[in-house]
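Before any comments, here is the structure.
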Amino acid sequence: MMLTRTRAMFIKEFVQLRRDRLTFATMIFIPVVQLLLFGYAINTTPRHLPTAVLVHEDSDLGRSILAALSNTSYFKVTRLARSEAEMDHWIRSGEVLFGVEIPAGFERSVRRGDRPALLVVADASDPVASGTALGALEGVVRTALTRDRGLPETAEQSAAFEIRQHRRYNPAAVTSLNIVPGLLGTILTMTMLIFTALSVTREVERGTMESLLAMPIEPIEIMLGKIAPYVAIGFIQAALIIALGIILFEVPVVGSLPLLAALSTLFIATNLSIGYTFSTVAQNQLQAIQMSFMFFLPNILLSGFMFPFAGMPRWAQWVGEMLPLTHYIRIVRGIMLKGATLYDVHGEALALLGLMLLAMTLAVRRFRRTLD
Amino acid sequence: MRAGDRQNGTVAVEVEGLSKSFAGRMVVRNLSMRVLRGQIYGFLGPNGSGKTTTLRMLCGLLTPDGGTGRALGYDILTERDRIKRHVGYMTQRFSLYQDLSIQENLEFVARIYGLASPEQEAKAAVERLGLVGREHQLAGALSGGWKQRLALGACILPKPELLLLDEPTAGVDPKARREFWAEIHKLAAEGMTVLVSTHYMDEAERCHEIAYIAYGELLAQGTIPKVIENSHLKTYTVSGPDLQSLANRLLGIPGIDMVAPFGASLHVAGRDASALDAAVARFRDERELSWTLSSPSLEDVFIDLMSRSQDNFR
């Protein structure tokens, strides 16, 4: 052990570090941006959750119940359903977390003392997102109702109607049912990004790019040829995770397995394309890894995997919508837990397709065809 | 004119006023040259003189800042895709896949160029290269000489009309170098045009024509006798004892532009014949020295060209 030699190494490392501007920038940039981004975006007791309402009668009581729901600040009516089928579709597709159904003749039944039922359907596939709101539901609605109607709070009144909660898809709030589909997407994102993020920079660093560019091959041909083998690998990976999820964690696949397979393939290809895009931008393999990591972190935190999507501020939701994992998690939860059909998740599928094409276009444009 | 010219023309490469700079530094300036079909054209010059940059501009890997040019009749600015189909470019650094076997590398090249049966083509190339029995060895495990041969084999696999070789024999032993050049001559005899850059003078003498480039400028070109003649260099060979001190005494005398040791003798050269004679006259009296008039070697000419252009450069 010699201190001078250690010092020599230390100085050399520092000089090299200083020369790599991007690494230097990311060291400052990553912690600051990520801290601000996630510090403000993450909220574990989400409010203003999207709610669909199906109203069979237009009554004062119905209106005040809806107003009271909104007043709790947990619910936000975003959709007015015209039929039960429509409401179900929105819940399956993840468009809304709650559906409130006011039956026909509700007000009259209340006045007659029949104790009619107000149906509240909750998407319990993510227990964190729906739990708090459901807990607050009964008491808050009743006090709001009492105040609105100007009726004295008596024992009789408190039982004027019944709130029938319907926790769908994961009634026992088993965590693994929600986590496994999310993990499927997270694991795929991580592995797929790295596969392709290194592919172009590796050719540049090993010197093989010079030969490759002198050959008659188009950037799009290089890209598709490089992505294709990993689609197969990703597919095997996805199959493995789903199989283990079914066997070990008893996660059901309520919907169609072929549909899940097809959309998983699309998701895999989307991530591979994004990784490949990084690869065309990065100057070396280290930068490619850094970019993948910077992309990976928001995918975990803003996609609805770890924290409820509906609880994030609007700007964070917009960021989330730009991430493939957000859409894929909705697709997987939809198909595996809620039995969603292609019609229910077609919006998410189109979003994935769009992101993939965007990444591919960027990659082909960014690809340097010369050594200039 | 173009299609006919391409098919029947005798000119393989023709460039006019080619320039390229990187980050404000001129690497190639106003370079013009012409290479005939079936010729082996040697590209000589010191390190960093712009040889690699010129070769890269010819095969579409770099965009010239100025000038025009055609390779095999195709415009080097606008018809790069076509050039790539008919030009083989062998890079200075080994640029095949180290983690693929010899056979796999060759198959890859054959497929990229759309050859009919890649496996068969690769097999045939392995036989040509004399690598039978080693085709499943990884390319990265080959010695320097074999790597060069494999790279050349991969380059000529799609039967290009023009071959650009960037210092193909750097770091290769003399026997492998000789075999490499025998192969290049065979290819040229079959009609392939070869542009080869090198540092070695003996390799220059194996070329049909040469161009000397230094500091991005083409300083001389033509056949070797012509380049020597055009240098107007007069050279004496002097032999005797203690040549090192003689060299020190000769250096700096007006009229003597170059003093270079050459085995057991010195080459003393000057651009101005009469000035050189006058300078040398003083040493003629020294009995132990023997002076003979000789023709300058190619190396004499290049070293002189380089020192002159260095003066211009400064």
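The values are calculated or read from the model by the stated rules, or taken from the named source; none is laboratory data. This structure is a prediction, so every number in the text was calculated from the model and none was measured. Glycine gets a Cβ as well: all are built from the backbone with ideal geometry, and neighbour counts include every protein chain shown. What goes into the accessible areas is simple: the full protein's heavy atoms, side chains included, and nothing from ligands, DNA or RNA. Shrake-Rupley method; radii C 1.70, N 1.55, O 1.52, S 1.80 Å.
Remarks
- Remark: pairs (first residue in the stretch A:39-65, on the phi > 0 side of the Ramachandran plot; second residue open to solvent by 50 Å² or more (accessible area, probe 1.4 Å); Cβ separation under 6 Å; 6+ apart in sequence or on different chains) = A:HIS48/A:LYS76.
- Of all residues in the stretch B:223-256, those being surrounded by 20 or more Cβ atoms within 10 Å (Cβ to Cβ) and of a type in the set (D, E, K, R) number 1.
- Matching entry among A:SER73, A:SER64, A:SER93 (being farther than 26 Å from A:PHE296 by Cα and touching a helix residue (DSSP H, G or I) at 6+ places or on another chain (Cβ under 7 Å)): A:SER64
- Qualifying residue in the stretch B:99-119 (condition: open to solvent by 70 Å² or more (accessible area, probe 1.4 Å), in a loop (DSSP other than H, G, I, E, B), within 14 Å of chain A (Cβ to nearest Cβ) and among the basic types (Lys, Arg)): no
- Answer residue from the stretch B:125-136, given it is of a type outside the set (D, E, K, R) and open to solvent by 40 Å² or more (accessible area, probe 1.4 Å) and is nearest to the other protein chains (Cβ to nearest Cβ) among those: B:HIS136
- Residue count for the stretch A:162-207, restricted to those that are assigned to a helix (DSSP H, G or I), more than 13 Å from every other protein chain (Cβ to nearest Cβ) and open to solvent by 40 Å² or more (accessible area, probe 1.4 Å): 7
- Boolean, B:ALA273 is among the hydrophobic types (A, V, I, L, M, F, W, C), touching a Pro at 6+ places or on another chain (Cβ under 9 Å) and not assigned by TED's automatic domain parsing to the domain that holds B:ALA204: no
- Residue count for the stretch A:297-318 satisfying the condition of being surrounded by fewer than 18 Cβ atoms within 10 Å (Cβ to Cβ) and not basic (Lys, Arg): 6.
- Residue check for B:ALA220: surrounded by 22 or more Cβ atoms within 10 Å (Cβ to Cβ), of a type in the set (A, V, I, L, M, F, W, C) and assigned by TED's automatic domain parsing to the domain that holds B:GLY17: no
- Restricting the stretch B:183-199 to residues that are outside any helix (DSSP H, G or I) and out of contact with any helix residue (DSSP H, G or I) (no Cβ under 8 Å at 6 or more places or on another chain), the residue that is most open to solvent (accessible area, probe 1.4 Å) is B:GLU190.
- Residue in the stretch B:259-267 that is out of contact with any Phe, Trp or Tyr (no Cβ under 6 Å at 6 or more places or on another chain), part of a loop (DSSP other than H, G, I, E, B) and modelled with pLDDT under 85 present: yes
- Qualifying positions in the stretch B:148-182 - touching a residue at least 40 places away in the same chain (Cβ under 8 Å) and open to solvent by 40 Å² or more (accessible area, probe 1.4 Å): B:GLU161, B:ALA170
- So A:THR4, is it farther than 27 Å from A:SER303 by Cβ, open to solvent by 70 Å² or more (accessible area, probe 1.4 Å) and among the hydroxyl-bearing types (Ser, Thr, Tyr): yes
- In the stretch A:208-232, the residues that are of a type in the set (Gly, Ala, Ser) and either open to solvent by 10 Å² or more (accessible area, probe 1.4 Å) or more than 14 Å from every other protein chain (Cβ to nearest Cβ) (or both): A:SER211, A:GLY225, A:ALA228, A:ALA232
- Filter result for the condition that a residue is open to solvent by less than 30 Å² (accessible area, probe 1.4 Å) and either of a type in the set (D, E, K, R) or in contact (Cβ under 8 Å) with a residue 24 or more places away in the chain (or both), over A:GLY94, A:GLY105: A:GLY105
- Selected residue [without any contact (Cβ under 8 Å) to a residue 12 or more places away in the chain and facing another protein chain (nearest Cβ under 10 Å)] from B:ARG80, B:ARG85, B:ARG25, B:ARG93: B:ARG93
- Taking the stretch A:322-353 as the range and being open to solvent by 40 Å² or more (accessible area, probe 1.4 Å) and within 29 Å of A:ILE222 (Cα to Cα) as the test, the residues that pass are A:MET322, A:LEU350, A:LEU353.
- Tally of residues being surrounded by 15 or more Cβ atoms within 10 Å (Cβ to Cβ), in a helix (DSSP H, G or I) and without any contact (Cβ under 8 Å) to a residue 60 or more places away in the chain across the stretch B:279-306: 3
- Candidates A:THR23, A:THR51, A:THR72: the one that is of a type in the set (Val, Ile, Thr), open to solvent by less than 40 Å² (accessible area, probe 1.4 Å) and within 30 Å of A:ILE335 (Cβ to Cβ) is A:THR51.
- Of the numbered criteria (1) of a type outside the set (Asp, Glu); (2) in contact with a helix residue (DSSP H, G or I) (Cβ under 6 Å, 6 or more places away or on another chain); (3) open to solvent by less than 60 Å² (accessible area, probe 1.4 Å), the one A:GLY39 fails is (2).
- Taken over the stretch B:34-73, residues that are within 12 Å of another protein chain (Cβ to nearest Cβ), open to solvent by 10 Å² or more (accessible area, probe 1.4 Å) and not in a loop (DSSP other than H, G, I, E, B) amount to 3.
- Residue within the stretch A:268-288 that is under 14 Å from A:VAL332 (Cα atoms) and open to solvent by less than 50 Å² (accessible area, probe 1.4 Å) present: yes
- Matching residues, the stretch A:83-100, being part of a loop (DSSP other than H, G, I, E, B) and over 20 Å from A:PRO46 (Cβ atoms): A:SER83
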